[in-house]
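*Asks:* Here it is, the structure in full.
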């Protein structure tokens, strides 16, 4: 009797689920004038979990088309752009590259309409993932199903920005035979070194908190946190350490926050997630276009790193491509004519899509008779022109910019003995990372997100002149100076404390009387980053600093491709707080800054040495602007 009753209940449940599905209806009603079709599928993975997928096929295309796939945690129905239109080009917006592709978007496990459990940046199978699936297998199974169940030419491409860029790299780890091209835009690559969660050990608490709360609070939805105080600087200053302050507003649902609190150093888990480590011995090189933004405020480390990892295996230099523009995170699909106050003389994003992205995909997915892009295509800021090279970084002359007494900087080595510049860094009065007020990362509020997107190009005069910011600058340049590639800092510094952060900013200082009046005296950051002192000796283990002793730090800054014009000055700024984007270092060593007690936060005197014995310098690659 019980068996029949349970069978009846099951039948009713199935019937009700069908009724609900019918009530929801299709994603989009077909229209007689549509020039494309919308198909929705639940694609099965090898463990039986089904992933919701939207397939957009142009009607007028002749012959079989390639698949262009984006896997995302951000709701794949956004592929239609929320626009009521009969035209595919309008629906896709800047992502429309013509009717020569079948456009596909898919929700990853546990997000929106897909089945399964969501895990943020699901680590590959192994020590930290004991299941039989990961993002690589899900990509493989998705491509396999699409190739067999759609009318296509047997070639698939995968692309995506940020998290979807990381997912694109996951598909390249063990590529399906049909995977013929990949375009990871601004991908998350190493979340400890300088993407998303940390930058060289310094934690991004409010950025991590905001994202984790949004992604892990509700299954299949994004939930913004209701901030008590809109000025994030003021709000964060009163919360104390991240683990006890922000952590009190999270719970067991927020698994990634717990992971962050437990792993402030660079350990095996972060290495497992680091996408550039996936390609030490690749089984097959998928033709890939790595897309980077020189002012990417979220993932500025990833693209150059993964390009370099794969480039070692591209012996013919015909499968691994690098492109970079003067962009914030994701600006390649937006207006690229300016960023903040900085103008570029053209829509650089449109130029990139037409001259680099489009030909790359047509060649490797459609098989069109078009030339492949140059191995490297990069926009040169300052001079505002595109450059092409055979490799990145291109060959050039390595030069050192030295700091000197009196706030001077030059290519000459310092000769003075004992020269140093000192300042007091007080955690109670941290240097803001951008002009206040700071309203966080609300993508639905234009002025809020615009402020976040442009912070790396803000005029640094808002910080210059503070007693806790040290500044050096060169004489006006007598000729243009072009800097390309990575920037490395050799910093000699000491502190009265037992821990410290070091922020180094390389700046293009405009002339006081610039042709564009509003840009007179502008201080444009062209490369900058932060380093947590406790990891000076070993990224895996925090160690206290020896107080009152000059110590050497090697700090890697983001890549540049910038020309300082004649009359401009090369400027360097050093400080020890960048708040609230980065958490405050208590400057007194504690086992974990995530749970530092209030009493540990103390003002300390810092000294930057620039003597003949301790020559602080910034190593750059230069060539003559032509």
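The values are calculated or read from the model by the stated rules, or taken from the named source; none is laboratory data. Source: prediction; values computed, not measured. When we count neighbours, we look across all protein chains shown, and the Cβ atoms used for this are built from the backbone with ideal geometry, even at glycine.
*Asks:* Only one residue in 75, 138 is in the same structural domain as residue 188 (by TED's automatic domain parsing), touching a residue at least 12 places away in the same chain (Cβ under 8 Å) and touching a helix residue (DSSP H, G or I) at 6+ places or on another chain (Cβ under 9 Å), so which one is that? It would help to see each step written out before you state the result.
*Replies:* Numbers: 75 fails: touching a helix residue (DSSP H, G or I) at 6+ places or on another chain (Cβ under 9 Å).
Answer to the check: 138.
*Asks:* Can I ask one more? Which one of the conditions (1) over 22 Å from residue 499 (Cβ atoms); (2) part of a loop (DSSP other than H, G, I, E, B); (3) under 23 Å from the mean Cα position of the chain (by Cα); (4) modelled with pLDDT of 95 or more does residue 177 fail to meet, given that it meets all the rest?
*Replies:* Status for residue 177: all satisfied but (3).
*Asks:* Every residue in segment 311-322 that is free of Cβ contacts under 8 Å to residues at least 60 places away in the same chain and either part of a strand (DSSP E or B) or under 19 Å from residue 201 (Cα atoms) (or both), please. First the steps, then the outcome.
*Replies:* Going residue by residue through segment 311-322, those that are free of Cβ contacts under 8 Å to residues at least 60 places away in the same chain are 312-316, 318-321.
Passing the criteria: 320, 321.
*Asks:* May I pose another question? Can you tell me which of (1) at pLDDT 90 or above; (2) in a loop (DSSP other than H, G, I, E, B); (3) exposed (fewer than 15 other Cβ atoms within 10 Å of the Cβ) is the one residue 78 doesn't meet?
*Replies:* (2)
*Asks:* Identify, by number, the condition in (1) surrounded by 22 or more Cβ atoms within 10 Å (Cβ to Cβ); (2) in the same structural domain as residue 614 (by TED's automatic domain parsing); (3) closer than 21 Å to residue 623 by Cβ that residue 382 doesn't meet.
*Replies:* Status for residue 382: all satisfied but (2).
*Asks:* Looking at 97, 146, 88 in this structure, which one is in contact (Cβ under 8 Å) with a residue 40 or more places away in the chain, in contact with a helix residue (DSSP H, G or I) (Cβ under 7 Å, 6 or more places away or on another chain) and buried (at least 18 other Cβ atoms within 10 Å of the Cβ)? I'd like the intermediate steps shown before the answer.
*Replies:* On the way: 146 fails: in contact with a helix residue (DSSP H, G or I) (Cβ under 7 Å, 6 or more places away or on another chain); 88 fails: in contact with a helix residue (DSSP H, G or I) (Cβ under 7 Å, 6 or more places away or on another chain).
Exactly one of 97, 146, 88 is in contact (Cβ under 8 Å) with a residue 40 or more places away in the chain, in contact with a helix residue (DSSP H, G or I) (Cβ under 7 Å, 6 or more places away or on another chain) and buried (at least 18 other Cβ atoms within 10 Å of the Cβ), namely 97.
*Asks:* Name the one entry in 451, 527 that is surrounded by 21 or more Cβ atoms within 10 Å (Cβ to Cβ) and either at pLDDT below 95 or under 21 Å from the mean Cα position of the chain (by Cα) (or both). I'd like the intermediate steps shown before the answer.
*Replies:* Values: 451 fails: surrounded by 21 or more Cβ atoms within 10 Å (Cβ to Cβ).
Testing whether each residue is surrounded by 21 or more Cβ atoms within 10 Å (Cβ to Cβ) and either at pLDDT below 95 or under 21 Å from the mean Cα position of the chain (by Cα) (or both) leaves just 527.
*Asks:* Further question: Considering only residues that are crowded, with 19+ Cβ neighbours inside 10 Å and within 26 Å of residue 217 (Cβ to Cβ), which ones fall in segment 32-73?
*Replies:* Matches in segment 32-73: 45, 51, 52, 53, 54, 70, 71, 72, 73.
*Asks:* Exactly one of (1) surrounded by fewer than 18 Cβ atoms within 10 Å (Cβ to Cβ); (2) in contact (Cβ under 8 Å) with a residue 60 or more places away in the chain is unmet by residue 226. Its number?
*Replies:* Result: residue 226 fails condition (2) only.
*Asks:* Tell me which residues, restricted to segment 541-560, are loosely packed, with under 13 Cβ neighbours inside 10 Å and touching a helix residue (DSSP H, G or I) at 6+ places or on another chain (Cβ under 9 Å).
*Replies:* Step one: filter segment 541-560 for residues loosely packed, with under 13 Cβ neighbours inside 10 Å, giving 541, 546, 548-549, 552, 554.
Selection gives 541 alone.
*Asks:* If a residue has to be in a loop (DSSP other than H, G, I, E, B) and closer than 29 Å to residue 218 by Cβ to count, how many in segment 92-127 make the cut?
*Replies:* To start, the set of residues in segment 92-127 that are in a loop (DSSP other than H, G, I, E, B) comprises 96-101, 108-125, 127.
Filter again for closer than 29 Å to residue 218 by Cβ, leaving 108-125.
Residues in segment 92-127 being in a loop (DSSP other than H, G, I, E, B) and closer than 29 Å to residue 218 by Cβ: 18 in total.
*Asks:* I would also like to ask the following. Quick check on segment 238-246. Is at least one of its residues modelled with pLDDT under 95 and over 17 Å from residue 592 (Cα atoms)?
*Replies:* yes
*Asks:* Can you pull out every residue in segment 40-72 that is closer than 21 Å to residue 361 by Cβ and free of Cβ contacts under 8 Å to residues at least 40 places away in the same chain?
*Replies:* Here is the first cut: in segment 40-72, the ones closer than 21 Å to residue 361 by Cβ are 53-72.
Across segment 40-72, the qualifying residues are 59, 60, 61, 62.
*Asks:* Counting just the residues of segment 236-246 that are without any contact (Cβ under 8 Å) to a residue 60 or more places away in the chain and within 26 Å of the chain's Cα centre (by Cα), which one comes out surrounded by the fewest Cβ atoms within 10 Å (Cβ to Cβ)? Walk me through it before giving the result.
*Replies:* Taking segment 236-246 as the starting set, the residues that turn out to be without any contact (Cβ under 8 Å) to a residue 60 or more places away in the chain are 238-239, 245-246.
Next, only the ones that are within 26 Å of the chain's Cα centre (by Cα) stay: 245-246.
Working: 245: 18, 246: 25.
The qualifying residue surrounded by the fewest Cβ atoms within 10 Å (Cβ to Cβ) is 245.
*Asks:* Can you find a residue in segment 492-506 that is modelled with pLDDT of 95 or more, outside the structural domain of residue 379 (by TED's automatic domain parsing), crowded, with 22+ Cβ neighbours inside 10 Å and in contact with a helix residue (DSSP H, G or I) (Cβ under 6 Å, 6 or more places away or on another chain)?
*Replies:* Yes, segment 492-506 contains at least one residue that is modelled with pLDDT of 95 or more, outside the structural domain of residue 379 (by TED's automatic domain parsing), crowded, with 22+ Cβ neighbours inside 10 Å and in contact with a helix residue (DSSP H, G or I) (Cβ under 6 Å, 6 or more places away or on another chain).
*Asks:* Separate question: From the list 345, 335, 276, exactly one residue is under 18 Å from residue 172 (Cβ atoms), in contact (Cβ under 8 Å) with a residue 12 or more places away in the chain and either outside the structural domain of residue 534 (by TED's automatic domain parsing) or not in a loop (DSSP other than H, G, I, E, B) (or both). Which is it?
*Replies:* On the way: 345 fails: under 18 Å from residue 172 (Cβ atoms); 335 fails: under 18 Å from residue 172 (Cβ atoms).
Just a single option satisfies the conditions, and that option is 276.
*Asks:* Would you point out which residue out of 499, 529, 468 is in a strand (DSSP E or B) and within 14 Å of residue 576 (Cα to Cα)? Before you say what the answer is, go through the steps one by one.
*Replies:* On the way: 499 fails: in a strand (DSSP E or B); 468 fails: in a strand (DSSP E or B).
Of 499, 529, 468, the one residue that is in a strand (DSSP E or B) and within 14 Å of residue 576 (Cα to Cα) is 529.
*Asks:* Collect the residues in segment 283-310 that are over 27 Å from residue 203 (Cβ atoms) and free of Cβ contacts under 8 Å to residues at least 40 places away in the same chain, keeping them in residue-number order.
*Replies:* Of everything in segment 283-310, those that are over 27 Å from residue 203 (Cβ atoms) and free of Cβ contacts under 8 Å to residues at least 40 places away in the same chain turn out to be 285, 310.
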